[in-house]
Amino acid sequence: MIIMNEKIKAAEVELTGVNGEKLGIVPTADALAMARKLKVDLVCTSLFSSPPPCKLIAAGAAKQEQQQNKRPAKELKVKEIRLTPHIEDHDYEVKRSQAERILRSGNAVLLNVAVKGKEGTIAKALLERLLQDLTACGRKKTGIQLSGKQAAVQLDPLV
């Protein structure tokens, strides 16, 4: 919630000008008069200090800024692609293009390779090859994690 203009009840405020210059501690009535004269809004930036810090901001800009802050950032969806260590070339290309399409659409990809026995090194090499092929559209968020029955790495889109 933004406290602006006449809603500021403090006797005096620590005022910052339109261009960010410090104007010092000023009576609230004088700060409001200055805001009216410059055709700007007087906006309180914090209620937790005395005197409260206030800024002179272009009319309507404070409300617009508050509206932008309310909009949630796009949540990143993580799509999983499962592979096996002994994958054929054609299947590899299909999985690579799937991952590329997902990354270009703005979602993250979790590449997961099922590991049996001593296939860990093969799985790690496969993931490194995929990471190399997908550098144009994604960057790795985590390193390659090799644990028990799987090897995995997450790629985030380049935005």
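Setting aside same-chain residues fewer than 8 positions from K9, which aspartates and glutamates have a Cα under 17 Å from its Cα?
D30, D41
With unit charges on the beta carbons (Lys and Arg positive, Asp and Glu negative) and the dipole taken about the Cα centre of the chain, which residue among Q154, A58, V115 sits farthest to the positive side?
Among Q154, A58, V115, the one farthest towards the positive end of the dipole of the chain is V115.
Multiply the residue gap between Q132 and S49 by 0.36 nm, knock off their C-alpha separation, and tell me the result in nm, one decimal place.
Extra length available between Q132 and S49 comes to 24.7 nm.
When DSSP assigns beta bridges and you keep just the ones with both residues in the chain, what percent turn out antiparallel, to the nearest 5?
Looking only at bridges with both residues in the chain, the antiparallel portion is about 75 percent.
If I compute solvent accessible area with a 1.4 Å probe over the protein chains, what percent of it on the chain is carbon and sulfur?
52
I want to check the label-to-label distance for A10 and K79. Put each point 7 Å from Cα in the C-beta direction and report it in nm to one decimal.
Computed distance between label sites A10 and K79 equals 5.0 nm.
How much length, in nm to one decimal, is gained on full extension between A125 and I25, taken as 0.36 nm per residue of separation minus their Cα-Cα distance?
29.6 nm
Return the label of the correct value of Cα Rg over 2.2 N^0.38 Å, as calculated from the structure shown, out of (i) 1.82; (ii) 0.99; (iii) 1.08.
Matching the structure shown: (i).
Report the equivalent ellipsoid semi-axes for the range 75-123 in whole Å, largest first, defined as the square roots of five times the eigenvalues of the gyration tensor built from alpha carbon atoms.
Semi-axes (√(5λ), whole Å): 23, 13, 6.
Please turn the phi angles of the range 2-12 into ³J(HN,Hα) values with the Karplus equation 6.51 cos²θ - 1.76 cosθ + 1.60 (θ = phi - 60°), one per residue in order, whole Hz, x for glycine and proline.
9, 9, 10, 6, 5, 6, 6, 9, 5, 5, 9
From the protein chains alone at 1.4 Å, what is the descending order of accessible area for M4, M34, largest first?
Highest to lowest solvent-accessible surface, that is M34, M4.
The values are calculated or read from the model by the stated rules, or taken from the named source; none is laboratory data. Since we're looking at a predicted model, the values are computed, not measured. Glycine gets a Cβ as well: all are built from the backbone with ideal geometry, and neighbour counts include every protein chain shown. When the accessible area is computed, the model is the full protein with side chains, heavy atoms only, and any ligands, DNA or RNA have been set aside. Shrake-Rupley method; radii C 1.70, N 1.55, O 1.52, S 1.80 Å.
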